[in-house]
Amino acid sequence: MLESWKEAQKQLERLGVKVRTGARVTDIDAEGVCLGDERIAAKTVLWAAGVAASPIARTLGVPLDKAGRVLVDATLQVPGHDEIYIVGDLAALQQDGKPVPGVSPAAMQGGRYAARAIRSRLKGKPVKPFRYLDKGTFATIGRGRAVGDLFGRLRLSGFPAWLAWLGIHIFFLVGFRARLFVFFSWAYSYLSHRRGARLITGPPVPRLLGPPPPAAAAPRTEPAPREQSR
Ligand SMILES: Cc1cc2nc3c(=O)[nH]c(=O)nc-3n(C[C@H](O)[C@H](O)[C@H](O)COP(=O)(O)OP(=O)(O)OC[C@H]3O[C@@H](n4cnc5c(N)ncnc54)[C@H](O)[C@@H]3O)c2cc1C
């Protein structure tokens, strides 16, 4: 994995990106980002350090981890509640001392496991613990550039990794029509150098991290941000 990180950093630097590691973001506002005492001016900030679990988990009244995910046992059930299975991003499970990652393969494998487990239980058969199989990771970092590995062994980078990333994403889409549509739409974007834009519109958010200003406690009356695809 370390090799993939180094390769990703090299490819980003070739694109002119300055990569900073080992730095903790302490504040974000409309004018930039703070790393402790240092300030980086920026009008646009993209946050990729994780998302919170769906708030529905809090309504269950069961133990959660600090990201708000439900602590499940090895059979993806809530301890003391055999009738509840939790799969995907909402499940917090440790395997071999590491957390099962919040990625779509883990969610798909969990879903298939829960379906099989319920059928086995209905037939009175024993149920084996869930085991997440990490088939590999791919991440695209630009036009025709990606890094990744298959089963933690076969490492790919650059254009071959990007082709693999593309093929895997299209293969796992649901339905032939969706695959065909995405394939042609991506091919068009690639050949025409056009980028599909995702616009998030709505009132500006003055401060995202750090201590909330007193007004933040007041109920919001503005319309919620809208997402538009182009
Ligand atoms: C920006 C982004 C990029 C990602 N890229 C990748 C990637 O490249 N590769 C990868 O493997 N993973 C990626 N992931 C992670 C991946 O999307 C998730 O791990 C995966 O979708 C988890 O599946 P899930 O079924 O648990 O949850 P979701 O796919 O989030 O599905 C949950 C569904 O439940 C619905 N829901 C929520 N609350 C309620 C409610 N109260 N009532 C009814 N329905 C409700 C939601 O609307 C949603 O449709 C990415 C995630 C993000 C945010």
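The values are calculated or read from the model by the stated rules, or taken from the named source; none is laboratory data. Source: prediction; values computed, not measured. With ideal geometry, Cβ positions are generated from the backbone for all residues, glycine too; neighbour counts draw on all protein chains shown.
Here are a few things to note about the model shown:
- Within the range 99-127, considering residues that are over 17 Å from the mean Cα position of the chain (by Cα) and not in a helix (DSSP H, G or I), the one farthest from the ligand (Cβ to nearest atom): G124
- Residue count for the range 127-169 under the criterion of being hydroxyl-bearing (S, T, Y), farther than 30 Å from T75 by Cβ and without any contact (Cβ under 8 Å) to a residue 60 or more places away in the chain: the result is 1.
- Of the residues contained in the range 22-36, none is found to be basic (K, R), over 18 Å from G142 (Cα atoms) and within 16 Å of the ligand (Cβ to nearest atom).
- Residues in the range 140-152 include at least one that is more than 30 Å from A187 (Cβ to Cβ), at pLDDT below 90 and either exposed (fewer than 13 other Cβ atoms within 10 Å of the Cβ) or away from the ligand (no atom under 13 Å from the Cβ) (or both).
- Residue count for the range 128-168 satisfying the condition of being touching a Ser or Thr at 6+ places or on another chain (Cβ under 9 Å) and assigned to a helix (DSSP H, G or I): 4.
- Any hit, the range 43-51, residues being away from the ligand (no atom under 16 Å from the Cβ), assigned by TED's automatic domain parsing to the domain that holds I168 and either in contact (Cβ under 8 Å) with a residue 12 or more places away in the chain or of a type in the set (G, A, S) (or both): yes
- Any hit, the range 155-162, residues being out of contact with any strand residue (DSSP E or B) (no Cβ under 8 Å at 6 or more places or on another chain) and either assigned by TED's automatic domain parsing to the domain that holds L64 or of a type in the set (S, T, Y) (or both): no
- Members of the range 57-85 that are within 12 Å of the ligand (Cβ to nearest atom), of a type in the set (V, I, T) and touching a helix residue (DSSP H, G or I) at 6+ places or on another chain (Cβ under 8 Å): V70
- Cross-chain or 6+ apart pairs with Cβ under 6 Å, the range 84-113 first and over 15 Å from V51 (Cα atoms), then within 11 Å of the ligand (Cβ to nearest atom) and outside any helix (DSSP H, G or I): L93/V100; A106/V100; G110/V87; G111/V87
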